[in-house]
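Enquirer: Mind looking over this structure? Questions follow.
Values in this text are rule-based calculations from the coordinates and carry no lab data. None of these values were measured; they are calculated from a predicted model.
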Amino acid sequence: MNRAIAVLAVVLAATVARADPAPYAREPRVAHLARALDGLRALGPAGRRAFELELHTGVRTKCRATGRPATTTCMIAVARSHCVQRPDPTACMAASDVILTNQHAEADLVDEQTRMRLVRTSSDYHAAVNAELWRRYALLAAELVLGSASTDLPARIDRFCTERDLTVHRCAPGAKACVPSLAWQRCVSGLAWYVASHEEHP
């Protein structure tokens, strides 16, 4: 199992709502995040949207066919099948870490009241929940900007997400300007997706 696949397994397995970047040391975490950012940027806006939908569809059809929750092994296989033919499979796998983690972040970032409203009022729940997640990522990014002034973006994101939840963040149901305590993996993936996309949105 190479480093990208190993990191993916840890990212997708994270379920606790606290900053927990173990078992990887800071240097390999930051290097992997840098590869993910490079991979997301290389895709471009249309490519990111298409790749996100490909992984969403692949996980839904291949990993949830029995109605059971998708396993990490299956999600890794879906990501690998989409990345193996790409020019830079390593950067693609790092980008897929971010995308798959974000696709499983809605319960941590979007409260149940909002999710139920989206189910009732949206013709495309996946697109609607992605829009809600984007709003949360924007709030996280604002926190990041107000924090460390480091110019090394991957290192800055890693440090922010490691230290953010040393104080617990709680949000009232339906609160629109609040991001709760998050696992490190959720935090870095949300910020990576937002930063890579925001760079192309004036």
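Enquirer: Report the equivalent ellipsoid semi-axes for the stretch 51-95 in whole Å, largest first, defined as the square roots of five times the eigenvalues of the gyration tensor built from alpha carbon atoms.
Expert: On the way: eigenvalues 85, 19, 11 Å².
Calculated on Cα positions only, the semi-axes equal 21, 10, 7 Å.
Enquirer: In 10 Å bins starting at 0, how do the alpha-carbon pair distances of the stretch 112-202 split up by percent?
Expert: Going out from 0 Å in 10 Å bins, the stretch 112-202 shows 15, 46, 30, 9, 0 percent.
Enquirer: Apply the Karplus curve 6.51 cos²θ - 1.76 cosθ + 1.60, θ = phi - 60°, to the phi angles in the stretch 34-49 and return the couplings in whole Hz, x for Gly and Pro.
Expert: Taking θ as phi minus 60°, the curve returns 4, 5, 4, 4, 4, x, 5, 5, 5, 5, x, x, 5, x, 5, 4 Hz for the stretch 34-49.
Enquirer: A further question follows. Enumerate the calculated ³J(HN,Hα) couplings along the stretch 186-197 in order (Karplus 6.51 cos²θ - 1.76 cosθ + 1.60, θ = phi - 60°), each rounded to whole Hz, writing x wherever the residue is Gly or Pro.
Expert: Here the 3J(HN,Hα) series is 5, 5, 5, 5, x, 5, 4, 5, 5, 4, 4, 7 Hz.
Enquirer: If you plug each phi of the stretch 99-110 into the Karplus form 6.51 cos²θ - 1.76 cosθ + 1.60 with θ = phi - 60°, what whole-Hz ³J(HN,Hα) values come out, in order, with x for Gly and Pro?
Expert: Per-residue couplings from phi come out as 5, 5, 5, 5, 5, 10, 9, 4, 5, 7, 9, 10 Hz.
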